[in-house]
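Any read-out appearing in this document is the output of simple, stated calculations on the displayed coordinates, not a laboratory observation. This structure is a prediction, so every number in the text was calculated from the model and none was measured. Neighbour counts are summed over all protein chains in view; Cβ atoms, including those assigned to glycine, are modelled from backbone coordinates with ideal geometry.
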Amino acid sequence: METSDEQRFTELYREHHPAVDAYVRRRLDGSHAVDDVVAEVFLTAWRRWEDVPRDAALPWLYATGRRLMANTRRSDQRRVNLVDAVGRQGSHRVEDHADTVAGQAAIAAAFDALREQDREVLGLALWEGLTAGQGAKVLGCTTATFHVRLHRARARLRKHMDTTSADTVQRALTTLGGADA
């Protein structure tokens with residue numbers, strides 16, 4: 001890279017690091033891998049500098065982060081599967097009743113109930129504040145497709161909010177002995 005490329009990369013990093021960090025942090029909630037994924041996003045940008053579009057760098061960085069997070073999730077899932085396989089040696093799971101009694105906010109539970117694709121499109125539009133065109137670039141689809149996915153994800157979220165709210169109340173009442181199970 002030339003000095004001007006190094007300067008441009010430094011500017012890109014300073015400008016977009018907070019947004020990329022927030023994007024990854026929200027999707028890998030509580031994960032130990034957040035800092036590693038963010039670093040890998042910028043390492044990939046450095047290695048593939050000629051591929052980073054000057055006028056749409058942030059969506060490109062988000063798309064790169066999305067792929068890296070998928071790799072992290074697959075790795076984490078393999079680890080969980082291994083722990084589960086070892087744990088099936090006669091142990092059983094007990095629900096944490098404190099969580100049931102305390103409940104969760106209806107929106108958080110409904111959001112968690114959505115498919116990954118719905119959470120991603122809602123996150124890009126709401127958390128990241130991307131336009132439909134930018135969100136489409138991140139997901140690798142057309143703007144019209146992004147609009148349709150966003151509309152459907154919002155509808156599913158509303159449906160899950162109704163269902164999840166009722167389920168959360170019912171679990172809390174059952175735990176407290178206030179309703180028939």
Only unsatisfied item for Ser31, checking (1) part of a helix (DSSP H, G or I); (2) touching a residue at least 40 places away in the same chain (Cβ under 8 Å), is (1)
Restricting segment 126-143 to residues that are more than 18 Å from the chain's Cα centre (by Cα) and β-branched (Val, Ile, Thr), the one surrounded by the most Cβ atoms within 10 Å (Cβ to Cβ) turns out to be Thr143
